[in-house]
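What follows is one structure encoded as structure tokens, with my remarks underneath.
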Amino acid sequence: RSGNASEQESRARESRARHPLHTSVSASTGSTMVLYELMVMVKSATPRAQLADILRRAGTRVLDSGGVITDITSFGTRPLAYEFKSLGERHFEAHMVQISFNSASTLIEDMKHDMRTDERVLRWIAVKKKALRPLKDYKARDPRNLNLPAATTANESAAPKPPTQPVSKYPLFSEERKERRNARRKAAARGD
């Protein structure tokens with residue numbers, strides 16, 4: 001039976017390695033790191049120092065597990081779409097913070113426990129994101145880059161010329177109809 005379990009574990013590891021949500025970066029434990037976004041909604045009455053403490057604890061968890069924090073975004077205090085009730089309190093607004101990080105998937109269980117037990121946190125969600133391609137796979141757009149093909153003639157590199165005639169605001173109207181319309185407007189303005 002232990003042979004079957006080890007085979008299942010190895011198959012699971014191989015399928016995770018092929019999955020597009022997993023990155024090729026490996027943590028210090030040897031497991032594959034995944035890009036996550038953690039969105040946290042904290043009570044609006046929570047002071048900034050305590051909000052920073054929540055973020056510090058989440059960040060410390062990520063770093064201790066060998067992960068990398070890629071971004072922290074605060075959306076400030078926002079009104080909620082509907083009223084939240086927690087522990088006999090009503091909440092109409094909340095501090096909203098998003099943390100993006102790469103970590104092993106085992107870290108999420110610890111984050112769940114931290115967020116569930118913290119009374120200051122109203123709601124939270126951790127979302128697994130698609131891994132980005134390595135930067136070397138993207139084409140350079142900087143004209144100073146020597147790897148880009150150079151323009152063969154000066155005409156190719158020049159900006160496109162503007163059209164010689166102004167583009168009509170209403171392309172369905174012919175010039176004759178425009179002239180008749182303008183004549184009617186002038187006659188109406190004169191009182192004819």
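Odds and ends about this structure:
- Counting heavy atoms of the protein chains alone, Glu109 has an accessible area of about 110 Å² for a 1.4 Å probe.
- Ranked by solvent-accessible area (1.4 Å probe, protein heavy atoms only, all chains present), the residues Val42, Val68 order from largest to smallest as Val68, Val42.
- Taking other residues whose beta carbon is less than 13 angstrom from the beta carbon of Ser86, and scoring Lys, Arg as +1 and Asp, Glu as -1, yields +2.
- Summarising the amide proton neighbourhood of Arg123: residues at separation of 5 or more, or on other chains, whose placed amide H is nearer than 5 Å comprise Met41.
- Highest mean packing first, where packing is the average number of other Cβ atoms within 10 Å per residue, the peptides 175-185, 43-53 line up as 43-53, 175-185.
- Take each peptide in 112-118, 84-90, 96-102, 58-64, count the other Cβ atoms within 10 Å of every residue, and average; sorted highest first, the result is 96-102, 58-64, 112-118, 84-90.
- In Å², nearest 10: area of Tyr36 left accessible to a 1.4 Å probe: 20 Å²
- Phe92 contributes about 130 Å² of solvent-accessible surface, heavy atoms of the protein only, 1.4 Å probe.
The values are calculated or read from the model by the stated rules, or taken from the named source; none is laboratory data. Please read all numbers here as calculations on a predicted model, not as lab measurements. Neighbour counts are summed over all protein chains in view; Cβ atoms, including those assigned to glycine, are modelled from backbone coordinates with ideal geometry. The accessibility values were calculated without ligands, DNA or RNA, using every heavy atom of the protein model including side chains. Shrake-Rupley method; radii C 1.70, N 1.55, O 1.52, S 1.80 Å.
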